[in-house]
Amino acid sequence: MGLATGWRRIVTAVVVAAVAAVTAVVAYRVLAPAEVSTAFRGDYPPAVTPDVGVVGRLPVAPLIVDGRLRVYAAQRQVYADGPADGRHRSTPYWSYRRWPAQVSGVVADGTRVISHWSDGKLVALDARTGRVAWRVDGPAPAEGWTARRTGAGAVWSPPGLFLARGSGGQPVLIVSGPHRVAGFGLADGQQLWSAEADGGCRTDVGTTSAGQFAVVDRCAGPAAVEFREVATGALVTRWQPPGVTAESTVTPVGCVTYRFQCRGLRVSGAADDGGQGWLVGAKGPVPAPVLDPVGTELDGKWAVRAAGGAVTGWAARTGEELWRRTDLGSVRMIAAQPGRVHLLTEANDLITLDTSTGAERSRFPLTVGSDGVGWAPGSAYAGGGYLAVERLGEPVAPDADDQRYFLTAEPVLLAAT
């Protein structure tokens, strides 16, 4: 009996050890850091010239890349589909996942798609194939995934990510975290410079068309705007706008995309409906009073504002009125891109005007299927001739869950203008 009992104990120990080993392997496979890259399937989607109007209804917010792809973000994934004017989201053309890190933000320039992750990792993908072009360690963001269900907060307004052009035209990526800011070459991921930062008293503004990175610094004395060369991090100038206070905010205007290559700034007080508008260049900010009112958009040398039943275009530098439209009714400006400004009527018709002449490029109801026009606009994105906008349920409830907050399960409309 003693021998049998001993064998049972040995067998039991072996079984327990085996189970523990299997459990450890499974746990490692599930919980260990992982990266899964699924490269392209099929042919690269062709460039398209879509018909004017609503072209798609999507559950998530797209970035239009190279005029051929739509790039999306999820909590732990960056992926793409195509063509750009596809009516619905389709099987991914490529996909890139990481675990357990979370996506903080995504930007795209040409055929480079760069994602920033909660552990600070920067991963650049070739949009044409989905393959990793480079990966480097960057400043860790303050948080990981903060976007709502559509992912718009990660791809349309990525926190701490700024595209730029150096003085020689080289593409640069600026990455800003709560403790460090750094510049990287977009082509190869090489770190160009790095500096300590105090996120408690510094606020990022954006990059300028003159190749500088602007930050509001309140760390030592009165608030001032610092301009640094994007390729070297060298301080170019430290500028104090007239009348600026610790409560003042500095907003970029006239950007190619979100806070990228901006041509102007607006400095506003805590309770102001407007502020002071400035054009920015290599020699420093120049007053531009036409940019003072909140809601004025800047496109190159033209400024456009919708107010008082009129949409008006001015020469940004001189303030000369160039054109005026009073035949559009009550409209609000929801987005702009080079050469175009997008207006939404009370009936949710989308009107797109040429910024230089005020001529109407297109006009159509911003709806699809039987969804109707009973919705409020949320975040919007414009690029490559497209406009994408979130549709929110009315009355808008910012603190509600996503099912109540968004109009439908596919709340993003994509239109060609």
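The values are calculated or read from the model by the stated rules, or taken from the named source; none is laboratory data. All values reported here derive from a predicted model rather than from experimental measurement. Here the Cβ positions follow ideal geometry from the backbone for every residue, glycine too, while neighbour counts run over all protein chains shown. Side chains included, ligands, DNA and RNA excluded: accessible areas come from the protein's heavy atoms. Shrake-Rupley method; radii C 1.70, N 1.55, O 1.52, S 1.80 Å.
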Subject >> Residue-averaged 222 nm ellipticity for the chain, from DSSP H runs of 4+ at -39500 (n - 2.57), nearest 500 >> reply: -3000 deg cm²/dmol
Subject >> Cα-projected label distance for ASP401 with SER370, points at 7 Å along beta-carbon direction, nm >> reply: 2.6 nm
Subject >> Candidate residues HIS88, HIS116, HIS179: accessible-area rank, largest first, probe 1.4 Å >> reply: HIS179, HIS88, HIS116
Original post:
Tell me, what % of the accessible area of the range 246-397 is carbon and sulfur with a 1.4 angstrom probe?
Top reply: 49 percent
Original post:
How large is the accessible surface per residue of the chain, computed with a 1.4 Å probe and reported in Å² as a whole number?
Top reply: 45 Å²
Original post:
Dipole size in debye (nearest 20) for the range 344-417 around its Cα centre, Lys and Arg Cβ +1, Asp and Glu Cβ -1?
Top reply: 220 debye
Original post:
Mind ordering 212-219, 166-173 by average Cβ neighbours within 10 Å, highest first?
Top reply: 212-219, 166-173
**OP:** Determine, from the Cβ-Cβ distance of HIS88 and ALA220 and an R0 of 51 Å, the FRET efficiency 1/(1 + (r/R0)^6), rounded to the nearest 0.05.
**Re:** 0.45
Original post:
Between [x] 1.07; [y] 1.01; [z] 1.25, which matches Rg/Rh (Cα atoms, Kirkwood Rh) calculated for the structure shown?
Top reply: [x]
**OP:** Would you mind putting 194-202, 251-259 in packing order, based on average other-beta-carbon counts within 10 Å, highest first?
**Re:** 251-259, 194-202
**OP:** Under a 10 Å cutoff between Cα atoms, tell me which one of ALA187, ALA380, ALA127 has the largest fluctuation in the Gaussian network model of the chain.
**Re:** ALA187
**OP:** Mind ranking ASP109, ASP399 by accessible surface for me, highest first, 1.4 Å probe?
**Re:** ASP399, ASP109
Original post:
So how tilted is helix 2-31 from the main axis of the chain? Cα-based, degrees 0 to 90, rounded to 10.
Top reply: 10 degrees
Original post:
Per residue, what volume in Å³ does the convex hull of the Cα atoms of the range 110-216 enclose?
Top reply: 109 Å³
Original post:
Rounded to the nearest 10 Å², what accessible area does VAL60 show when all protein chains are kept and the probe is 1.4 Å?
Top reply: 10 Å²
Original post:
Roughly speaking, what is the centre-to-centre gap between the range 345-391 and the range 79-155 when only Cα atoms are used, to the nearest Å?
Top reply: 26 Å
**OP:** Considering only protein heavy atoms, with the full assembly of protein chains and a 1.4 angstrom probe, order GLU35, GLU143 by accessible area, largest first.
**Re:** GLU143, GLU35
Original post:
Length gain on complete extension for the stretch ASP126 to ALA310, per 0.36 nm per residue less the alpha carbon to alpha carbon distance?
Top reply: 61.8 nm
